[in-house]
Amino acid sequence: MCPDIRPENSPSGQRRNAAAAPRVLILGGTAEGRALSHRLDGDYTVIYSLAGRTRHPLPAAGKIISGGFGGSDGLTAFLKQEGIAALIDATHPFAARISAAAVKAAGEAGIPCLHLRRPPWRVNPDHRAADFTEAAALLARLRPARPFLALGQAHLAPFAAVLQDRFCLLRFADPPAKPLALNRYAIEIARAPFTLRHEKRLLAAYGIDLLIARNAGGGAGMAKIAAARELGTKLLLIDRPPPPRGVAIAASTEAAEDWLRRRLP
């Protein structure tokens, strides 16, 4: 098989033979993970893994697998069985459990591991919480009339008791699979990125007086923060968990690609 010619802006003149390309596993689900998969595809055999929570994920390059591995032990077994040469964790900044499992599995498999972690938003919220439990306790004290929980489905449990007799706005990428443990709510089914105009209209239409959001960073979700600032809507921002220990960290897809090419030239 003749090798394909690489784009002019690529580091070398030709792509590898596909059979000889090192196998790289990307734990994805983010815009950065998708972008990285396209940057690496052709020079590496990319396997792009999704947790399987989103019904219609956005496209990525490489072989797509979905559903998780069954913890760090299952991931370790996969790395060894598939001959993975490097692992890149490009999951959401709040996916702390997955990130910790990635570091442990890569160590046990004896391969390099990178955590691709986009920078947080540099904003000054009206209220700040260290985690979801603290945010729920703060919500109970603040008692907003119409809060917007821009948190996704996986993080609602701590807020259920606080919101039993209060309206709230929720936003999910997919409709919930089962009834929510809430009494009064509206759901917007939509997926980022959102425009500033859209977010301002949404906050105004529902009379939102408190926006509760994770400090996820990135451009896709920043519009809601900007909309709250412009409308004078109070902002409660939840700090992201600390990065996993014992792993290299890259803040951009370009830095992640450079890290990989220095280890697997």
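Data for the structure
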{"read-out": "Hey, Ala100 in contact with a helix residue (DSSP H, G or I) (Cβ under 6 Å, 6 or more places away or on another chain), surrounded by 13 or more Cβ atoms within 10 Å (Cβ to Cβ) and aliphatic (A, V, I, L, M) or not", "value": "no"}
{"read-out": "Unmet requirement for Leu87, which otherwise passes all of (1) under 21 Å from Ala256 (Cβ atoms); (2) touching a helix residue (DSSP H, G or I) at 6+ places or on another chain (Cβ under 7 Å); (3) among the hydrophobic types (A, V, I, L, M, F, W, C); (4) surrounded by fewer than 21 Cβ atoms within 10 Å (Cβ to Cβ)", "value": "(4)"}
{"read-out": "Failed condition for Asn124, given (1) in contact with a His (Cβ under 8 Å, 6 or more places away or on another chain); (2) surrounded by fewer than 17 Cβ atoms within 10 Å (Cβ to Cβ); (3) not basic (Lys, Arg)", "value": "(1)"}
{"read-out": "Selection within the stretch 219-238 - over 14 Å from the mean Cα position of the chain (by Cα) and within 21 Å of His115 (Cα to Cα)", "value": "Ile238"}
{"read-out": "Residue that is over 30 Å from Arg263 (Cα atoms) and touching a His at 6+ places or on another chain (Cβ under 7 Å), where the choices are Leu138, Leu156", "value": "Leu138"}
{"read-out": "Only listed residue being of a type in the set (A, V, I, L, M, F, W, C) and under 14 Å from Leu235 (Cβ atoms), chosen from Phe132, Phe167, Phe148", "value": "Phe148"}
{"read-out": "Of residues in the stretch 221-262 being exposed (fewer than 14 other Cβ atoms within 10 Å of the Cβ) and modelled with pLDDT under 95, the one nearest to Arg143 (Cα to Cα)", "value": "Pro242"}
{"read-out": "Residue in the stretch 129-150 that is farther than 30 Å from Lys200 by Cβ and under 15 Å from the mean Cα position of the chain (by Cα) present", "value": "no"}
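The values are calculated or read from the model by the stated rules, or taken from the named source; none is laboratory data. Computed from a predicted model, the values in this text were never measured in an experiment. Methodologically, a virtual Cβ is constructed for each residue, glycine included, from the backbone with ideal geometry; neighbour enumeration extends over all protein chains shown.
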